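Encoded as structure tokens, the structure appears first; notes follow it.
The values are calculated or read from the model by the stated rules, or taken from the named source; none is laboratory data. Just so it is clear, the model here is predicted, and its values are computed rather than measured. Counting neighbours? That spans all protein chains shown, and the Cβs are built from the backbone with ideal geometry, glycine included. For accessibility, only protein heavy atoms count, side chains too; no ligands or nucleic acids. Shrake-Rupley method; radii C 1.70, N 1.55, O 1.52, S 1.80 Å.
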Amino acid sequence: MTVVVAVALATIAIGITAAILGGLRLGRFIRFVPFPVIGGFLAGSGYLILMGGLGVVAGQSLSWTSLAALGDPAVLLRFAAALGFLVPLALLQLRLPTSLALPAVALAVIVVFNLVVLAAGLDDDALRAGNWLISLPEGTALWPPIHPADIGLVRWSEIAAQLVNLPTVVILTVIAVLMNATGIELDTRRDVDLDRELRSVGLQNLLGGIGGGMPGFPSISLTMLANRLRAPNVIVGLIASAFCVAALLFGNIVLSIVPTPLLGGLLIWIGLSLLIEWLVRAQSRLTRWEYLVVLLIFLVIVLVSFAAGILVGLIAAAILFVVEYGQVEIVRHVMTGRDYQSSNDTSENRREVLRSEGAAILIVRLQGFLFFGTADRLRKRIQQRIEHHEGLPIRYLVVDFQRVSGLDSSTALSFTRLAQMTGPDGFVLVLCGMSDAVRSAITRGGLENGDGARIHVESDLDHGLEWSENQLLSEVAPQIVGGASVPVIDLLFEIVKDRPLAEALLPFLERIDIEPGTKLIEQGTPSDDIYFVERGRAAVELESRDHAPVRVATIGRGSIVGEMAFYLRKPRTASVVAEAPLVAWRFSGENLERLRHSSPEAVIAFHRGMAGMLADRLISTNQLVRLLAD
């Protein structure tokens, strides 16, 4: 009586817990269980179902110590009867679908068994004594398990002493619910609403516990059986429930027509199918290490226990994940300032200097989650690249965290060690694109600008590159980052490479003064001129009807704008808006035509110079595309 009440209370506790978890929609967390763990769980379940089937046929629970009982002639006869069910079933499956073969063979076995019983004149008691029928307690009914008068016999102190184990029972059962549901998903190739299953199991266990029942959850073996019979619908559940109720109330009558070799044979068939699926066929679908995880779980379930197998499998899968994820490439791109520049001040002089001196800027773009399995490898890779860098020494290390979802303390420590290489004789560490979570983790890890370390933080990669470029240019070409104007005659000379020809071009250019906020070029307008910026600063903006303009680049003194649309004879693709007083020189198509009549050689030199400049830009773009695509 004490055992029945203890089981009923555990069932009720499981029902309440499952209902709460389903109501909070927490079933999705089982999705984080790795696939090999599910496979090992199903393989272990197949073994347990197989052993259960063998035990039903043998008439006792089988273990390594009770295998000798299988040599009993009566047991061998029952196993022969089970083979009489399994062998025809296996042969018929070669010609008929399971949905026809299984019920046909099962019905034939039931008919033949009952005909033999009638012919031999055997009674039910003798058959139960010989384990040919399911044994029942005294009486004909299985329910109720206890009567109200028996409550006084319950040892409540014993139940109270076992309450400490109740959470373990609840946790294991809820995990079994979710694992079984996931296994059913794999077998049926249909998604299961895990939260709905939890709510359903919760309600069922509440009702079952009130009735004195044991914990219940979706059965892999019976669900697989219904699926193979092509009857995966609610009617099967209702019919099965009706038979269960009939067995509870009229046990002898219902269970006396079905022989145990048939019941055990069904379990053996389901168990073997799971073992073949996950120990034989899965070997070709899984990697070697994933298959070893499946095999490990299976062996622990067989040799130790079911719960230990799942626990060991989760630990093994976690280790496998750490090892394999540690091999994932977390460095998205490695470039230098020679290959990739910021969108700031796109003047030709600035581009030219950065193409020659930009190798002193090393750009490392990261991706994914950075953790202890990759942190030290990342630090060593960056350190090795800096120490063995060809050409100019690295002066600025720009690290982009834009695509980093998070990092752990080991990664923060690795960057702290990397920052120890900075200083007056080293490089400046420029950190860009850090989210609040990443920046907080970096700060907690002790990475701060101090104690001789030189660290600079920017909001994104473009601003980090702009800062590094300006710092570098202030050292190697201070005239580019200064505030002095770039005379338009110098810009023309850079194009035509001849002073007299540049002077011949100058009279055909028109000076334009632009106030801040005024558009030098408007998106969508006809393109019939090129502008040479002598002084000031402007933003290149993309406009749309539904959204505010998006700033994509900035231009400054020495820049040339509008040349692409001018040569393609297409409308302007972006607007150029002055951010500071701007002085520009306009070279229109009309003036270009006038120049062609007065100085053809100047026009030829101009077109040749512009073609060379555009070709140079195209070469740099192609190199960048190849680098990013690598």
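Annotation note: of 95, 25, the sole residue that is among the charged types (D, E, K, R) and either out of contact with any helix residue (DSSP H, G or I) (no Cβ under 9 Å at 6 or more places or on another chain) or in contact (Cβ under 8 Å) with a residue 40 or more places away in the chain (or both) is 25. Scanning the stretch 590-607 for any residue that is surrounded by 13 or more Cβ atoms within 10 Å (Cβ to Cβ), among the acidic types (Asp, Glu), in a helix (DSSP H, G or I) and without any contact (Cβ under 8 Å) to a residue 24 or more places away in the chain turns up nothing. Only residues that are surrounded by fewer than 19 Cβ atoms within 10 Å (Cβ to Cβ) and β-branched (Val, Ile, Thr) were counted across the stretch 193-225, and they come to 1.
Results for (1) within 30 Å of residue 534 (Cα to Cα); (2) out of contact with any Cys (no Cβ under 6 Å at 6 or more places or on another chain); (3) surrounded by 16 or more Cβ atoms within 10 Å (Cβ to Cβ), shown as yes or no for each residue.
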| position | (1), (2), (3) |
| --- | --- |
| 361 | yes, yes, yes |
| 389 | no, yes, no |
| 413 | no, yes, yes |
| 427 | no, yes, yes |
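Please specify each residue of the stretch 68-97 satisfying the condition of being among the charged types (D, E, K, R) and at pLDDT below 90. Those that are among the charged types (D, E, K, R) and at pLDDT below 90: 72, 95.
Of the residues making up the stretch 262-285, just one is of a type in the set (Val, Ile, Thr), in contact with a Leu (Cβ under 9 Å, 6 or more places away or on another chain) and either at pLDDT 90 or above or over 25 Å from residue 76 (Cβ atoms) (or both), namely 268. Tell me, yes or no, whether the stretch 497-520 has at least one residue that is among the polar types (S, T, N, Q) and in contact with a Ser or Thr (Cβ under 9 Å, 6 or more places away or on another chain). Checking the stretch 497-520: not a single residue is among the polar types (S, T, N, Q) and in contact with a Ser or Thr (Cβ under 9 Å, 6 or more places away or on another chain).
Here's the yes/no breakdown for (1) closer than 27 Å to residue 484 by Cβ; (2) in contact (Cβ under 8 Å) with a residue 40 or more places away in the chain; (3) open to solvent by less than 60 Å² (accessible area, probe 1.4 Å); (4) touching a His at 6+ places or on another chain (Cβ under 9 Å):
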position	(1), (2), (3), (4)
507	yes, no, no, no
510	yes, yes, no, no
513	yes, yes, no, no
536	yes, yes, yes, no
539	yes, yes, yes, no
549	no, no, no, no
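Residues in the stretch 443-469 that are at pLDDT below 85 and within 18 Å of residue 427 (Cβ to Cβ) were compared, and the one that is most open to solvent (accessible area, probe 1.4 Å) is 451.
When you check residue 494 against the structure, is it in contact with a helix residue (DSSP H, G or I) (Cβ under 9 Å, 6 or more places away or on another chain), surrounded by 13 or more Cβ atoms within 10 Å (Cβ to Cβ) and at pLDDT below 90, yes or no? Yes: the conditions hold for residue 494. Just checking, which of 306, 243, 321 is of a type outside the set (Gly, Ala, Ser) and over 20 Å from residue 218 (Cα atoms)? Answer to the check: 321. Has the stretch 53-60 got at least one residue that is closer than 18 Å to residue 180 by Cβ, at pLDDT 90 or above and either among the aromatic types (Phe, Trp, Tyr) or not in a loop (DSSP other than H, G, I, E, B) (or both)? Yes, because at least one residue in the stretch 53-60 is closer than 18 Å to residue 180 by Cβ, at pLDDT 90 or above and either among the aromatic types (Phe, Trp, Tyr) or not in a loop (DSSP other than H, G, I, E, B) (or both).
Looking at this structure, is residue 327 at pLDDT 85 or above, open to solvent by 70 Å² or more (accessible area, probe 1.4 Å) and polar (S, T, N, Q)?
The answer is no for residue 327.
Assessment of the stretch 254-267 against the conditions (buried (at least 18 other Cβ atoms within 10 Å of the Cβ), of a type in the set (S, T, N, Q) and assigned to a helix (DSSP H, G or I)) yields at least one matching residue. Quick check on residue 441: is it without any contact (Cβ under 8 Å) to a residue 60 or more places away in the chain, of a type outside the set (Lys, Arg) and assigned to a helix (DSSP H, G or I)? So residue 441 passes the test. Residues of the stretch 228-253 that are part of a helix (DSSP H, G or I) and modelled with pLDDT under 80: 228, 247, 248, 249, 251, 252, 253. The residue of the stretch 365-375 that is farthest from residue 464 (Cα to Cα), among those that are at pLDDT 85 or above and surrounded by 19 or more Cβ atoms within 10 Å (Cβ to Cβ), is 370.
Here the condition is being closer than 30 Å to residue 117 by Cα and touching a residue at least 12 places away in the same chain (Cβ under 8 Å); of 279, 262, 275, it holds for 262 alone. Is it the case that the stretch 376-392 has a residue that's out of contact with any helix residue (DSSP H, G or I) (no Cβ under 8 Å at 6 or more places or on another chain), modelled with pLDDT under 85, at positive phi and not polar (S, T, N, Q)? No: the stretch 376-392 contains no residue that is out of contact with any helix residue (DSSP H, G or I) (no Cβ under 8 Å at 6 or more places or on another chain), modelled with pLDDT under 85, at positive phi and not polar (S, T, N, Q). Looking only at residues of the stretch 89-107 that are open to solvent by 50 Å² or more (accessible area, probe 1.4 Å) and more than 45 Å from the chain's Cα centre (by Cα), we find that the one that is farthest from residue 257 (Cα to Cα) is 104.
Do the conditions hold for residue 502, that is, is it within 30 Å of residue 396 (Cα to Cα) and surrounded by 15 or more Cβ atoms within 10 Å (Cβ to Cβ)? Answer is no for this residue. When each of 169, 109 is tested for being closer than 29 Å to residue 15 by Cα and either in contact with a helix residue (DSSP H, G or I) (Cβ under 8 Å, 6 or more places away or on another chain) or of a type outside the set (A, V, I, L, M, F, W, C) (or both), the lone residue that passes is 169. Could you please let me know if residue 217 is within 29 Å of residue 82 (Cα to Cα), within 36 Å of the chain's Cα centre (by Cα) and part of a helix (DSSP H, G or I)? No; evaluated as a whole, the condition is false for this residue.
Being touching a residue at least 24 places away in the same chain (Cβ under 8 Å), within 25 Å of residue 184 (Cα to Cα), open to solvent by less than 30 Å² (accessible area, probe 1.4 Å) and out of contact with any Gly (no Cβ under 6 Å at 6 or more places or on another chain) is a description that applies to residue 317. Among the residues of the stretch 231-247, the ones that are aliphatic (A, V, I, L, M), more than 20 Å from residue 53 (Cα to Cα) and open to solvent by less than 70 Å² (accessible area, probe 1.4 Å) come to 4 in all.
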